[in-house]
Amino acid sequence: MSAIRAVLVEDHALVRAGLRTALRAAGIDVVAEASDGIAGFDAVTAALPDVAVVDLGLPGKDGIALTRELKAAANPARVVILTMHERDDEVLAAIGAGADGYCVKSSDPATVIDAIRTVAAGGAYFDPHVAHVVLRKLSGTGSPPSPSPLSAREAEIVKLIADGVGNAEIAERMHLGLGTVKGHIADVLQKLSASDRAHAAVIAYRRGLIP
C-alpha cells in the first residue's frame, strides 16, 4: 500500500516542523508545505495530495477561505483543519466550508495522524474536543428514531464518546476492561458503518439512537 501524501499549510515554522516529523514517523509522506493561505492553495493544487492539513489562522487567506477554495477546485482536496481553538463558531464555519476533519493543536499528535488516515480513506474525523459541537448541530436535523441496532451497553458507550470521553475513562466509568471497551466500539463501528468513533457518534445522533 502506498503512503498517504499530505501537504502542510501552517504559518508557524516550529509547529510545521513538529508535524512533519510526526507524520513522517507514522509513514505519512509530506510532499509540500506552505506558510500562508495563498501559497497553500498553490501547493495543494500542484501536489494533489491525499490530504491537506490546514491551519485555521493563516496569513494572507485564512483556513476557512482556503478550505472553501480547495473544495471548489477542479480536483477538490480532502482537508483536515488544525487550530489552537475549540470555539463553536469556528468549528461550524470549518464544516460549512467543507472540511473533512478538525483537530486542535493541544491534542496528542496521534489524533492528527488518526484524522489524516481517516480522511484519506474517505471518512470524516472530528477531534473529541470539538465533536460535541458537530453533534449538537446535527441532532436538531436528524431523521426520526428507528429501531436501534445497538445494545444498551453499546449505546451508553457511544453517548460517552459523544461527550468527548476517551476509551480508558469509558472503561473506568463502566467498570470494564479497556480491551472490552475497544471490542464494543469495533462492533458499533461495524453496525453503524462508521469510519471512526466520532463518526459513529454523529450517525447515532442523526438516527436518534442516543439522546
For the chain, the charge dipole (Cβ of Lys, Arg +1; Cβ of Asp, Glu -1; about the Cα centre) points to a positive end, and the Cα of 201, 115, 101 closest to that extreme belongs to 201
Determine which lysines satisfy two conditions relative to residue 159: a Cα distance under 20 Å, and not lying fewer than 8 residues away in the same chain.
137, 182, 191
Charge dipole (debye, nearest 20) of the chain; +1 at Cβ of Lys and Arg, -1 at Cβ of Asp and Glu
580 debye
Whole angstrom only: what separates the Cα centroid of region 82-131 from the Cα centroid of region 1-51?
16 Å
Pair residue 75, residue 2: separation of 7 Å Cα→Cβ label points (nm)
1.0 nm
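How big is the charge dipole of region 5-127 about its Cα centre, in debye rounded to the nearest 20, if each Lys and Arg gets +1 on its Cβ and each Asp and Glu gets -1 on its Cβ? Before the final figure, lay out the partial values.
On the way: 11 positive and 18 negative charges, 69 e Å.
The calculated dipole for region 5-127 is roughly 320 debye.
At 222 nm, what value in deg cm²/dmol follows for the chain if DSSP H runs of at least 4 each add -39500 (n - 2.57) and the sum is divided by all its residues, to the nearest 500? Write out the running numbers ahead of the final one.
Values: 10 runs with 109 residues, N = 211.
So the helix-based figure for the chain works out to -15500 deg cm²/dmol.
Computed from the coordinates by the stated procedures, all read-outs in this text should not be read as laboratory data. In this text the structure is predicted, and so the values were computed from the model without any measurement. Neighbour counts are summed over all protein chains in view; Cβ atoms, including those assigned to glycine, are modelled from backbone coordinates with ideal geometry.
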